[in-house]
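Since the structure comes first, as structure tokens, the remarks are kept for the end.
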Amino acid sequence: MALAASGGVQAQEEFAEEVVISPLPSGHIQVQLQFTLSSPSRRHYSVLPKAIAQLAAGVPFEEVELSLTQGRWHHHAWGSPLLPSKPSGAELRAAFSPSIPEGQLPLLWGNLSHSLSGMFCASLNFLARPETTAQQAIEFGKPSETGGRASNSEVGADARACAAGPAAGAMGPRPARLRRLYAALPKEVVCTENLTPALKLLPCRDQAGVASLLLHRPSVYGADYHSMRVGILAARDADGALLSTRLSLGITLVLRPPQVQTPGAPPARRAAPRPCSYSSWRLGHLLGSKLRGACPIATQSWLFVQLPPQLAAQAAVGEDGAGQLLHPPAWQAGGAEVHRTGSGSSSDKSSDSSSSGEQAEDNIQQQQQAIAGAEALVEEARRQQPRPEGQGDGPAALDVGQAWRRFGAKGAVVAARPELAVSRYTTGAGFMHGGMVLRLATAAGAGPAAAPSGAGTGSSQAGGGGAADLSTAAAAAAGNRTVCVFQIVPWYVRVWLHTLTLTVDGAPADLDAALRLRHVSPAADRARPLVLDLCIELPAGAREAVLAVQFSKAFLHVFEWPPDAHRGFDVPAALVTYAPLGADGAAAALEWGWRRGGDVGGARGAPSPLLRALSAARPEALYSEGLLVPLAPPDFSMPYNVVCLTSTVLAVYVGAVLNALLKRPGAELREAAKGGAGRRAARLKAAKVVVVVVVFGGLALYVDEELQAQVMQALAAAGLVEAPPAPQH
Amino acid sequence: MLADDVACNPRNPYPAQARRAPTGGHRLDVYGQNVEVDYRGYEVTVENFMRVLTGRHDPAVPRAKRMLSDAGSNVLVFITGHGGNEFMKFQDQQELMAADVADALAQMHQKGRYKELLLVVETCQAATLYGRIKSPGVLAMASSLKGESSYSYLTDQDVGLSLVDRFTYSTLDFFERVDIHSQATLQQLFDTYSFAHMESHFGQSTENFERPLDQVRVTDFFGHVTEVRQLRGSYPLDGMPSSPERGDGGGGATAGRGDEGQVDRSCGWQEAGGGGQCRWSDDDGDSSGGGGGSRSSGSGGSSGGEAAKGRWKARPAKRLDHTGTLAGAVAAPALDGLTAGGLVALAALVAGSSWAWGARL
């Protein structure tokens, strides 16, 4: 069963490289790169990196997912990401088979995080500590797949749902079948040094193929959102032996398209794009590097460009009459334009004339031309790659672009925003009276798609007034909704669980009645964090739900503070999971279509692993903001001062006591001269001295082998080997 | 080791870059496209620095985070930051003392972890940091003498900081003219440092170093040149030294056509400690892949992965084949015992003699 769900045992190694470029409602451009390497278990690998294979053989995990992210996905402005977004910093999750005993998990988890830390140049070994690791006891999925693997994982451990179709019952929370461990490191920085080793896992590195888009690191790391995720999936048989390994490396970028005037400007300096408009873009300008052909080793190379929904529908109907695949948003396989370097292009012209005209019609015409002129990039690239003279002048760089005659397909941008908006903030003040609030609002409450960022955080009043206008009717029709909140709180933030309250639409609600499933593991000082996993059923039509809890802060030892103690301590982002509601209350999956030239197809049968993963029904997973909780830092010079003061006081005390005890000026000598009791006292004192010297000298001899050797040597030299061991003076 | 996220800090207007100079031809990105950092952020501590030098790690520490040098390795240690008389600050929290450095190098020498070692210190009063080193084969250079400050250079108005230190600027200037086939010697490098530019005196310590400086090429320490030679016929793998493979590994470098030259960045020099030349790797090409959590006891009970697991377990043992490492492993506990025993003996003598002295009075 496990094998069937994971695609069976593969006969050979595969390497698929894909890139999807899609415009976002805010005018940003999302670039999703995906590399999938898979291989059956064998001695020698030609595609799969051996380090990964050895890791899978050495640590008996089922799935591992590591993400390194910079920035935060703005759901209200960018809509839903193609793949679930990740919290800022590092996040590591792993799933182990239930047959592995609980006691072994810390060791395995430690080995795993240490290995990954060495492999990806990140400080993941901090995750190995038990006080950061949590066990996820609840997972979200369909009841029907309990027998099989919880993941079809074309992309990684995140795509937890089955690709078998939208049937088979509603998606919901249930106890986790696998032993899932989770840890997050919110402050981990992500930079070039993380990408370098990741690219080394690819056969062509960044020298050819889709990965060559990442050649210009300043563009990659100047992106507004940057996320690299590494998923390793190990298929094992019943005995735990490794059957096949699949590594998927995904990189998500959200880029600001360069303005026409400054195509070469660094991304960080580009102006924010105009919202509610489609931006013209060109890969070379966007990323600073062009596509250098396809990797010759890759079994599949894909470039997809997403078309606006209304455009895709019209184009498809107009040309092919195959409109059945085009639910919004739809995919276009093959480039909108394929250019050689240096050649003038029609899209350049059209961006020059961007001030003219009608919006929709021109867009459509322009795009139709582009489509008509485009062949599948893969074929193009493949044809170019093996040409014999290509070695001399390097691979021809491909530049792909989308040009719009006019900014703003106004109103055409349908933001597939998540139905819930999540925000989290702290309340209270001081050491004892802190509070943490998690606010869930239906997305309509967060304002229109063009709303500036921070709509969720701005309305920090828990009263719910900010979420007033929304499609109540739609929500009411949808029925009750089960939402799972997964939260790790470090032990030094002491959450008072009895103060946990639920407020729905401003009115207090009974939390116990609303709970469907829960897993709470209390914190222990320096041993484990608080893990809150609550699945709450929200009533139909609820506009806003607020979970609030109070906490106080713990005292830390002076050596437990980080070097930048005044920055505060991070509380990892909360994860909110729910099933998107379809018309019938079942989980709704987006339908993606793709076409290439005359080829049109749905995503289910698509050869691309990424497309298949995208169309798998999966729960919506949203991360809240990370929190920064300031703890009152002590005066760090205090221990030093205390040590100095204490040492001084002790020295004075010891000196005085010794003096008082031992100093008998003159009296004892006079007594000794008289004989009797005085002489006996003096002899006693001398005996004491001898005892002390012998005891400590013996101890030194016992501890120090080298000193023993020296002493034996000296004794032997003096001819006194049989003499009792006495310290030399 | 990099304590600060210099390149990708949000306040850096040039993401993923660290430039040497704001304008002109000196606008060189010193961070590089293919940099690798093994210890960063909170991991950069004095303890980890000493562990890297002496090679005494927790068993779970992966290979990528160890310095796998042996008695044939040339090691480069570059330390930069805030310093003072006989100390250097880590993270504004800990201090690396000159005695620590000297002890670590002495232990490295005992364990055979280097053949020659070049220690570059760029702090204020830098020369005091190497003053206590007595280990043979150690060459040390410093940006300033005792009582002097080391100064920064070239402020960038966009970044709002000085981009480079004067000592580094001079050094980089020299190395910009050096390629991996250069015959330039350390003496030539040392001659380029001038008080007029640095406003501090260059310091060097050659007392532990045998070779004359005008016969030491800079490429002995800077830049790792790996020559790949093809051998005819098979090569016996059970012998210890070096089948000719690239040492950087990292998994699948098979099709990396148009590679980044021959210079191996992963084994090159690293800022603030660590670094050094990698030895020839006799492993199967994944030395920096770092799969090596050798703490794993492979308890999954898998049978199909037996071959791989055997190698997994065998790897640490293979390292012990090097006589230097083995000797070091034995020497280390003995040294600990000596220290502890010496301390106890000292305490006993002091206590006993004070008592005796008091009694006589």
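Quick notes on this one:
- Residue list for the range A:530-540, restricted to those being touching a residue at least 60 places away in the same chain (Cβ under 8 Å) and open to solvent by 20 Å² or more (accessible area, probe 1.4 Å): A:540
- In the range B:31-50, the residues that are facing chain A (nearest Cβ under 9 Å) form Cβ pairs under 7 Å with partners that are part of a helix (DSSP H, G or I) and open to solvent by 30 Å² or more (accessible area, probe 1.4 Å), at six or more places apart or across chains, as follows: B:32/B:265; B:34/B:265; B:35/B:265; B:36/B:265; B:39/B:48.
- The range A:101-115, subset of a type in the set (A, V, I, L, M, F, W, C) and either free of Cβ contacts under 8 Å to residues at least 60 places away in the same chain or facing another protein chain (nearest Cβ under 7 Å) (or both), residue most open to solvent (accessible area, probe 1.4 Å): A:107
- The set of residues in the range A:204-235 being in contact with a Cys (Cβ under 6 Å, 6 or more places away or on another chain) and within 29 Å of residue A:45 (Cα to Cα) consists of A:204, A:208, A:209.
- Some residue of the range B:28-41 being part of a strand (DSSP E or B) and either in contact with a Phe, Trp or Tyr (Cβ under 9 Å, 6 or more places away or on another chain) or within 22 Å of residue B:108 (Cβ to Cβ) (or both): yes
- Residue count for the range B:114-133, restricted to those that are open to solvent by 10 Å² or more (accessible area, probe 1.4 Å) and either in contact with a Gly (Cβ under 6 Å, 6 or more places away or on another chain) or in a helix (DSSP H, G or I) (or both): 7
- If you filter the range A:207-219 down to residues that are closer than 13 Å to residue A:19 by Cβ and touching a helix residue (DSSP H, G or I) at 6+ places or on another chain (Cβ under 7 Å), you find that the one that is surrounded by the most Cβ atoms within 10 Å (Cβ to Cβ) is A:213.
- Residue within the range B:81-92 that is open to solvent by 50 Å² or more (accessible area, probe 1.4 Å) and closer than 24 Å to residue B:222 by Cα present: yes
- If the condition is being within 11 Å of chain B (Cβ to nearest Cβ), surrounded by fewer than 24 Cβ atoms within 10 Å (Cβ to Cβ) and not polar (S, T, N, Q), then the range A:52-88 contributes only A:71.
Residue-wise test of (1) in a helix (DSSP H, G or I); (2) open to solvent by 80 Å² or more (accessible area, probe 1.4 Å); (3) within 23 Å of residue B:125 (Cα to Cα).
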position: B:164; (1), (2), (3): no, no, yes
position: B:169; (1), (2), (3): yes, no, yes
position: B:179; (1), (2), (3): no, yes, no
position: B:182; (1), (2), (3): no, no, no
position: B:197; (1), (2), (3): yes, no, yes
position: B:219; (1), (2), (3): yes, no, no
position: B:223; (1), (2), (3): no, no, no
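- Taken across the range A:131-141, residues that are facing chain B (nearest Cβ under 9 Å) and modelled with pLDDT of 90 or more do not occur at all.
- Filtered by the rule that a residue be facing chain B (nearest Cβ under 7 Å) and either touching a residue at least 60 places away in the same chain (Cβ under 8 Å) or open to solvent by 10 Å² or more (accessible area, probe 1.4 Å) (or both), the range A:192-201 gives A:193, A:196, A:197, A:200, A:201.
- With respect to (1) open to solvent by less than 10 Å² (accessible area, probe 1.4 Å); (2) within 15 Å of residue A:182 (Cβ to Cβ), the lone exception for residue A:93 is condition (1).
The values are calculated or read from the model by the stated rules, or taken from the named source; none is laboratory data. A quick note: this is a predicted structure, and the numbers were derived from the prediction, not measured. Cβ atoms come from the backbone with ideal geometry, glycine included; neighbour counts cover every protein chain shown. The protein model used for the area step is the full one, side chains on, heavy atoms only, and it has no ligands, DNA or RNA in it. Shrake-Rupley method; radii C 1.70, N 1.55, O 1.52, S 1.80 Å.
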